[in-house]
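Student: One structure, as structure tokens, below. Some questions next.
The values are calculated or read from the model by the stated rules, or taken from the named source; none is laboratory data. Quantities reported herein were computed from a predicted structural model and do not represent experimental measurements. Cβ sites come from the backbone with ideal geometry, for glycine too, and all protein chains shown count toward neighbours.
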Amino acid sequence: MVTIKTSDLSPAQLQNYLQYAIAPRPICFATTIDKAGNINLSPFSFFNLFSTNPPLCIFSPARRVRDNSTKHTLENILEVKECVINIVNYSMVQQTSLASTDYAKGINEFDKAGFTMLPSLLVQPPRVAEAPVQMECVVTEVIHLGERPGAGNLILAEIKLIHIKEEILDAEGRIDQEKIDLVARLGGDWYCRVTPQSLFKVEKPLTTLGIGVDALPGHVRNSWVLTGNDLGMLGNIEEIPTDEEIDEIRQHPQVKEICDATIGDAQNRQRELHELAKEMLGGGQVKEALKVVLLEV
Ligand SMILES: Cc1cc2nc3c(=O)[nH]c(=O)nc-3n(C[C@H](O)[C@H](O)[C@H](O)COP(=O)(O)O)c2cc1C
């Protein structure tokens, strides 16, 4: 393990470590406007959702590490406390990157990057017509985190209106995670794309109180076969099965086969049972898998 004191690094080195490690980050493609009516469009990945009631996002146009200058987005927001947060999908990513170019103040990145302005209903900055989701926001607070290069400026943006393209909705009118085709920013020039192949589900332990990994026997916790993810699924089960339930699993054809083939060989029996449990976990049979690993060998 390499241990680094952040104060020993230059701002550029520190930024590099943090942006590679704290990733992927969602992208806020922010439209702002100054008092004179000049429109600005820039992406920010120091961005997230922090509250749903009130619905509030924060993003951070930081001081440039290069020359400590501030960004037009921040300057505009200090003049007109409104913005539109446009969500970026894969088909927009190259143009979004182009819009991050340091064009002079007064240059409209909609034109430079080739995006279409769509008038907002509540706020002055326009929306990006191409974005699958566009959120009209009122800025409630700006928090400056310092004067040094790299210092962030937190823009607290309360979402007042959400516009969503119909084509990314499912039959119930909710956003379909497979259809929205999101991209996110990582370190350096890296991005990632959320594809149906990269998506997976983890059951929420919100309503259940899992037994916990610490309730599993030592041979399961220290298994050579089961991974941390496998233990996490087993530990999420609400109750340890009863002795009768565990005994019943002996009738399972694969369990029987393993037991018959490993008489007098406890070590291999345990390994093979763990392998079977792993297979069951992969197929979503979590309760069955727990019974298998709890069998006396
Ligand atoms: C995907 C992406 C994410 C970015 N995220 C941030 C960020 O979170 N904070 C920041 O200060 N700059 C970020 N940048 C750089 C700004 O977009 C860039 O400095 C831009 O020129 C600022 O424009 P402005 O001066 O017109 O506001 C990002 C660039 C890209 C391409």
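Student: If we scan segment 270-279, do we find a residue that is basic (Lys, Arg) and out of contact with any helix residue (DSSP H, G or I) (no Cβ under 9 Å at 6 or more places or on another chain)?
Tutor: Checked segment 270-279: at least one residue is basic (Lys, Arg) and out of contact with any helix residue (DSSP H, G or I) (no Cβ under 9 Å at 6 or more places or on another chain).
Student: Take the residues in segment 47-57 that are under 17 Å from residue 25 (Cβ atoms) and surrounded by fewer than 19 Cβ atoms within 10 Å (Cβ to Cβ), then tell me which one is nearest to the ligand (Cβ to nearest atom).
Tutor: If we take residues in segment 47-57 being under 17 Å from residue 25 (Cβ atoms) and surrounded by fewer than 19 Cβ atoms within 10 Å (Cβ to Cβ), then 48 is nearest to the ligand (Cβ to nearest atom).
Student: Of all residues in segment 80-132, which are polar (S, T, N, Q), within 13 Å of the ligand (Cβ to nearest atom) and not in a strand (DSSP E or B)?
Tutor: 94, 95, 96, 97, 100, 101, 108
Student: Considering each of 23, 12, 30, 62 in turn, give the residue that is in a helix (DSSP H, G or I), among the small types (Gly, Ala, Ser) and closer than 20 Å to residue 186 by Cβ.
Tutor: Step by step, each of 23, 12, 30, 62 is checked, and only 12 is in a helix (DSSP H, G or I), among the small types (Gly, Ala, Ser) and closer than 20 Å to residue 186 by Cβ.
Student: Name the pairs: first residue in segment 23-51 and without any contact (Cβ under 8 Å) to a residue 40 or more places away in the chain, second residue part of a strand (DSSP E or B) and among the acidic types (Asp, Glu), Cβ to Cβ under 9 Å, at least 6 apart or on different chains?
Tutor: Listed pairs, sorted by first residue: 51/158.
Student: Those residues that are more than 14 Å from the ligand (Cβ to nearest atom) and either surrounded by 15 or more Cβ atoms within 10 Å (Cβ to Cβ) or under 23 Å from the mean Cα position of the chain (by Cα) (or both), I need them from segment 21-46; list them, please.
Tutor: 21
Student: Hey, another quick one. Mind counting the residues in segment 58-71 that are surrounded by 13 or more Cβ atoms within 10 Å (Cβ to Cβ) and near the ligand (Cβ under 10 Å from one of its atoms)?
Tutor: Here the count works out to 9.
Student: Evaluate the following for residue 236: is it modelled with pLDDT under 95 and within 17 Å of residue 288 (Cα to Cα)?
Tutor: Considered against the rule, which asks whether it is modelled with pLDDT under 95 and within 17 Å of residue 288 (Cα to Cα), residue 236 comes out as yes.
Student: Continuing with the same structure: Would you check if residue 75 is more than 11 Å from the ligand (Cβ to nearest atom) and on the phi < 0 side of the Ramachandran plot?
Tutor: So residue 75 does not fit the description; no.
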